[in-house]
Amino acid sequence: MSDKRFEQGPIRPPSEAGSLLFRFTRNCPWNRCTFCPVYKGRRFSRRSLEEIKGDIDTAAEICQELRAFSATLGYGGTITREVLENVFTSARFNDFHRQAAVWLYMGKGSVFIQDANSFVLPAPVLAEAIRHLKRKIPGIGRITSYARSSTLAKMSVAELGEIREAGLDRIHIGMESGSDRVLKLVQKGVSAKRQIEAGKKVIEAGMELSEYIMPGLGGKELSEEHARESARVLNEINPHFIRLRSLRIPSRVPLFQDKQTGRFTPLSDDETVVEIRLFISLLNGVSSRVASDHIMNLLEEVSGALPGDKEVMLAVIDRYLALPPEEKLLFRLGRRGGALRSLDELNDPHIRQRLQLAMKDLASETGGDVEKLITELADQYI
């Protein structure tokens, strides 16, 4: 948890800056990937259970304060839209109060532990932190966390089961690739075999598992291997969810230097779509739900439950690939600019007219280099 969110509020901030479970200083030993800048050059230390509980207690106090505020407005402790508006406009509250008010207003009770690898904590400590969270803040439903395969593979099913019993329902793993060569290229620090071992343990422990795949991560050099091996690994794991997060390479990440030197050749949007098609076609014997739920993915409609929706997803891809080049460019501009979410929307006369006018203006302004602009639009979402 960050100290900043408490600076203007009545609640005393925790003693150390960082996240709920860890403090960050200079170097993160569990996330070394060359395409990930989030923890690069930052070191971490584990928070004690007492500190974690203290932060949870602070969050609980803020929720109680918000409910008391609701009562003074005549809403009986419920966070209604009117209460939410008052929280957002009152100088009495800081940003964390506002975030907590939105969470209470939404009423879904979902909690995400925002650390890259919560499972480096001993299982009894993490389990007790989760139990304390559920004791102190009523209404919590699903609890989710990120984790790394290299950590999970070292744990026993019994340890994972203890954490599941405490209340952690779902784990998100950034698998990125099932190809050992690609994993080595990006310094992922884990093998395909360990990815499989970790995923199977999570499922055996009774948790939902969401695996993230990064189309394009193998570049042109390893594109087919990346697709085939990723599908093979996922076929063995059979996770509940397979989420696509297409590769983007901003200048601040180490992989950008590989691109500059020619060691890595990124795929175009269309080549990435072709890679995703191969990947989807090779998912066999699994009951996973595929999700393309991020703006970095060109085709959000590539989504559905396997095996029944496989042909539907492939049909979406084939429909895009069959478009004339000028139509593909128009769709990509609309998608990267946030104007389109589906291929059908390209046929909306009002949206289409606006995109055509924008394309004409941009072509004039850039000297015809619309491709560069589309790339910049896509990179802004990272």
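The values are calculated or read from the model by the stated rules, or taken from the named source; none is laboratory data. In this text the structure is predicted, and so the values were computed from the model without any measurement. Heads up, the Cβs are rebuilt from the backbone with ideal geometry, glycines too, and the neighbour counts pull from every protein chain shown.
Residue-by-condition table, conditions (1) surrounded by fewer than 17 Cβ atoms within 10 Å (Cβ to Cβ); (2) of a type in the set (Asp, Glu); (3) within 22 Å of the chain's Cα centre (by Cα):
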{"position": "Arg131", "(1), (2), (3)": "yes, no, no"}
{"position": "Gly141", "(1), (2), (3)": "yes, no, yes"}
{"position": "Ala166", "(1), (2), (3)": "no, no, no"}
{"position": "Lys200", "(1), (2), (3)": "no, no, yes"}
{"position": "Gly218", "(1), (2), (3)": "no, no, yes"}
{"position": "Val233", "(1), (2), (3)": "no, no, yes"}
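Whether any residue in segment 334-345 is at pLDDT 95 or above, out of contact with any Leu (no Cβ under 6 Å at 6 or more places or on another chain) and assigned to a helix (DSSP H, G or I) is what I want to check. Yes: one or more hits. Restricting the search to helices (runs of 4 or more DSSP H) fully inside segment 193-306 and requiring at least 2 residues that are more than 23 Å from Ala322 (Cβ to Cβ) and acidic (Asp, Glu) gives 223-237.
Taken as a whole, the structure leaves Leu133 outside the set of residues that are on the phi < 0 side of the Ramachandran plot and either of a type in the set (Lys, Arg) or in the same structural domain as Gly189 (by TED's automatic domain parsing) (or both).
Looking across segment 307-327, the residues that are farther than 22 Å from Met214 by Cβ and assigned to a helix (DSSP H, G or I) come down to Glu311, Val312, Ala315, Asp318, Arg319, Pro325, Glu326, Glu327. Scan segment 180-191 and give yes if some residue there is under 30 Å from Val102 (Cα atoms) and either among the basic types (Lys, Arg) or assigned to a loop (DSSP other than H, G, I, E, B) (or both), otherwise no. Checking segment 180-191: not a single residue is under 30 Å from Val102 (Cα atoms) and either among the basic types (Lys, Arg) or assigned to a loop (DSSP other than H, G, I, E, B) (or both).
Could you say whether any residue in segment 353-376 is closer than 30 Å to Pro239 by Cβ and either at pLDDT below 90 or out of contact with any helix residue (DSSP H, G or I) (no Cβ under 6 Å at 6 or more places or on another chain) (or both)? No. One residue alone among Leu183, Leu160, Leu133 is under 27 Å from Glu275 (Cβ atoms) and modelled with pLDDT of 95 or more, and that residue is Leu183.
Can you work out which of the residues in segment 111-153 that are charged (D, E, K, R), out of contact with any Ser or Thr (no Cβ under 7 Å at 6 or more places or on another chain) and in contact (Cβ under 8 Å) with a residue 40 or more places away in the chain is nearest to Gly199 (Cα to Cα)? The extreme case among them is Arg148.
Residues satisfying the criterion are absent from segment 314-330 (criterion: surrounded by fewer than 16 Cβ atoms within 10 Å (Cβ to Cβ), free of Cβ contacts under 8 Å to residues at least 24 places away in the same chain and in contact with a strand residue (DSSP E or B) (Cβ under 6 Å, 6 or more places away or on another chain)). Restricted to segment 2-112, the set of helices (runs of 4 or more DSSP H) holding at least 2 residues that are at pLDDT below 95 and either among the aromatic types (Phe, Trp, Tyr) or out of contact with any helix residue (DSSP H, G or I) (no Cβ under 6 Å at 6 or more places or on another chain) (or both) comprises 49-72, 95-106. All of Ile237, Ile242, Ile280 fail the test of being surrounded by 15 or more Cβ atoms within 10 Å (Cβ to Cβ) and touching a Gly at 6+ places or on another chain (Cβ under 8 Å), apart from Ile237.
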